[in-house]
Amino acid sequence: FILFLFVIVFPTKNYKKLSIFLITIISLALVGLLIYGYAANNAVSWYKIGPVTIQPSEFAKLAIIIYLAVYYEKHREDMDEQWNILKPILFIIVIVGLVAIQPDMGTALIIMLITLIVFYGVPISKMNRSMFNKIFIGGVIVVALVLITAGSKLLKSYQLERFNFLDPCVRYQEDSGYQLCNSFI
């Protein structure tokens, strides 16, 4: 509630000053999970402070939105330079990697989706957009091929069960298809 009131009262123009600080703190917190993280539900994604647990990757979503918005606004005049477009995305890939090794694949995918949505909202030249579209589609194809060929070695059994989407309500209704069947209902 206190944080809620702070966000309402805090002037949005000050987010520009805080963006680098926020993304740095979140990055350090995600690195710190490798050493001091608390494990729950097969993931080391939390800090346990007394009776409270804090998951830095949830704060990362907001910090990334602020960071990307401030970065792209600051560099709006030189967005035809490919490095200015790519630099924050490479930094976000590191954050996604830190979240993925917890392993929290759902949050990692959400962070990638947030980054993609913000990126496609940035006005860049058609030539650069076309090049980045090809890189993105190529990356998706590479990831898909890696998952198809080595998925059982890279993913845990409970993650592989989520791919049981062929007729989940008949074959897997009581276990891995339970959530999907209920969403259909």
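Some points to look at:
- Protein accessible area in region 1-104, 1.4 Å probe - carbon and sulfur %: 71
- Taking Cα centre as origin and charging only the Cβ of basic (Lys, Arg, +1) and acidic (Asp, Glu, -1) residues, the dipole magnitude of the chain rounds to 360 debye.
- DSSP H segments from the chain that extend 20 Å or more along their own axis, Cα-based, with Kyte-Doolittle mean of -1.0 or above: 15-36, 56-74, 82-100, 105-120, 126-154
- In the chain, helices alone account for a calculated mean residue ellipticity at 222 nm of -22500 deg cm²/dmol, with every DSSP H run of four or more residues adding -39,500 (n - 2.57).
- Take the Cα radius of gyration of the chain and divide it by 2.2 N^0.38 Å, N being the number of residues; the result is 1.21.
- Rounded to the nearest angstrom and listed largest first, the equivalent-ellipsoid semi-axes of region 1-91 from its Cα gyration tensor are 29, 19, 8.
The values are calculated or read from the model by the stated rules, or taken from the named source; none is laboratory data. None of these values were measured; they are calculated from a predicted model. Here Cβ is always computed from backbone atoms with ideal geometry, including for glycine, and neighbour counts include all displayed protein chains. Just so you know, the surface numbers come from the protein's heavy atoms only, side chains and all, with ligands and any DNA or RNA stripped out. Shrake-Rupley method; radii C 1.70, N 1.55, O 1.52, S 1.80 Å.
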